[in-house]
Amino acid sequence: DARVTQTPRHKVTEMGQEVTMRCQPILGHNTVFWYRQTMMQGLELLAYFRNRAPLDDSGMPKDRFSAEMPDATLATLKIQPSEPRDSAVYFCASGLGWQPQHFGDGTRLSIL
Amino acid sequence: QQQVKQSPQSLIVQKGGISIINCAYENTAFDYFPWYQQFPGKGPALLIAIRPDVSEKKEGRFTISFNKSAKQFSLHIMDSQPGDSATYFCAAKKTDKLIFGTGTRLQVFP
């Protein structure tokens, strides 16, 4: 059963540190999404790529967040410097055309 | 601006009962309406979805009812089971983007 794989599953770090989250989309999927889930804001779209090209990052704080797809099998989301308000669960999802998005199990990030 | 409104926030149902979750949207450009189920520690998983040219879709115990004129859609879970206890999110898609509702925490008691 094809799955979106996210690493690490949990990350605890101190404020000011760089955080890198990784995602391996389902093989053959050409669209990759990054979401953030918090109790207050729910599920928010941060950015997404199609065929490795960034299409929309309007949901992402530009000053500290960056998203890339070095190749078709890897997407990364970086936060530098991290802040306590960045604490959340970050989900990666992938899709192909009209097919529904498939989500990974997320990275639970805690910034102390 | 919340484009997809979901209610109720939480729902408690007896085993065997019917669970109903409602969503309303504002943007008529939405063209696909999925429901996702999320268990603790897991990512959202697609449960069932509908397009706006269909008024109802049923898959097993799960049914989506869609009212295009009212811009509302709902999820019905028949014969609810304790294993259905999870958080349910409605969503609406425009181009590639999914806009999610705020979620409904469903608890089904034996």
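The values are calculated or read from the model by the stated rules, or taken from the named source; none is laboratory data. In this text, all values refer to a predicted model and were calculated from it rather than measured experimentally. In this analysis, Cβ positions are derived from the backbone assuming ideal geometry, glycine residues included, and neighbour counts consider all displayed protein chains. The protein model used for the area step is the full one, side chains on, heavy atoms only, and it has no ligands, DNA or RNA in it. Shrake-Rupley method; radii C 1.70, N 1.55, O 1.52, S 1.80 Å.
A:LEU55 - would you say it is surrounded by 12 or more Cβ atoms within 10 Å (Cβ to Cβ) and without any contact (Cβ under 8 Å) to a residue 40 or more places away in the chain? Considered against the rule, which asks whether it is surrounded by 12 or more Cβ atoms within 10 Å (Cβ to Cβ) and without any contact (Cβ under 8 Å) to a residue 40 or more places away in the chain, A:LEU55 comes out as yes.
Which strands (runs of 3 or more DSSP E) does region A:59-111 wholly contain that include 2 or more residues that are crowded, with 16+ Cβ neighbours inside 10 Å and within 14 Å of another protein chain (Cβ to nearest Cβ)? Explain how you work it out, then say what you get.
Details: elements: A:65-71, A:74-79, A:88-95, A:107-111.
In region A:59-111, the matching strands (runs of 3 or more DSSP E) lie at A:88-95, A:107-111.
Scan region B:71-79 and tell me whether some residue there is under 14 Å from the mean Cα position of the chain (by Cα), buried (at least 21 other Cβ atoms within 10 Å of the Cβ) and within 11 Å of chain A (Cβ to nearest Cβ). No, region B:71-79 contains no residue that is under 14 Å from the mean Cα position of the chain (by Cα), buried (at least 21 other Cβ atoms within 10 Å of the Cβ) and within 11 Å of chain A (Cβ to nearest Cβ).
Considering only residues that are within 14 Å of chain A (Cβ to nearest Cβ) and aromatic (Phe, Trp, Tyr), which ones fall in region B:81-110? Before you say what the answer is, go through the steps one by one.
Step one: filter region B:81-110 for residues within 14 Å of chain A (Cβ to nearest Cβ), giving B:86-105.
Listed by number, the residues that qualify are B:TYR88, B:PHE89, B:PHE100.
So that you can scan it fast, the table gives a plain yes or no per residue for (1) assigned to a loop (DSSP other than H, G, I, E, B); (2) surrounded by fewer than 17 Cβ atoms within 10 Å (Cβ to Cβ); (3) in contact with a Cys (Cβ under 7 Å, 6 or more places away or on another chain):
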{"position": "B:ILE12", "(1), (2), (3)": "no, yes, no"}
{"position": "B:ALA24", "(1), (2), (3)": "no, no, no"}
{"position": "B:PRO34", "(1), (2), (3)": "no, no, no"}
{"position": "B:PRO40", "(1), (2), (3)": "yes, yes, no"}
{"position": "B:ILE48", "(1), (2), (3)": "no, no, no"}
{"position": "B:ASP53", "(1), (2), (3)": "yes, yes, no"}
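Within region B:7-35, residues that are under 15 Å from B:ASP79 (Cβ atoms) and of a type in the set (Lys, Arg) reach partners that are outside any strand (DSSP E or B) and modelled with pLDDT of 95 or more with beta carbons closer than 9 Å, at six or more positions or on different chains, in the pairs B:LYS15/B:ASP79; B:LYS15/B:SER80; B:LYS15/B:GLN81; B:LYS15/B:PRO82. For A:ARG36, the conditions (1) in contact with a helix residue (DSSP H, G or I) (Cβ under 9 Å, 6 or more places away or on another chain); (2) away from chain B (no Cβ under 13 Å); (3) not β-branched (Val, Ile, Thr) are fulfilled apart from (2). Only one of the listed residues (A:VAL12, A:VAL19) is open to solvent by 70 Å² or more (accessible area, probe 1.4 Å), hydrophobic (A, V, I, L, M, F, W, C) and in contact (Cβ under 8 Å) with a residue 12 or more places away in the chain. That residue is A:VAL12.
Flag: B:PHE30 matches the condition of being in contact with a Pro (Cβ under 9 Å, 6 or more places away or on another chain), within 26 Å of A:ALA93 (Cβ to Cβ) and surrounded by 12 or more Cβ atoms within 10 Å (Cβ to Cβ).
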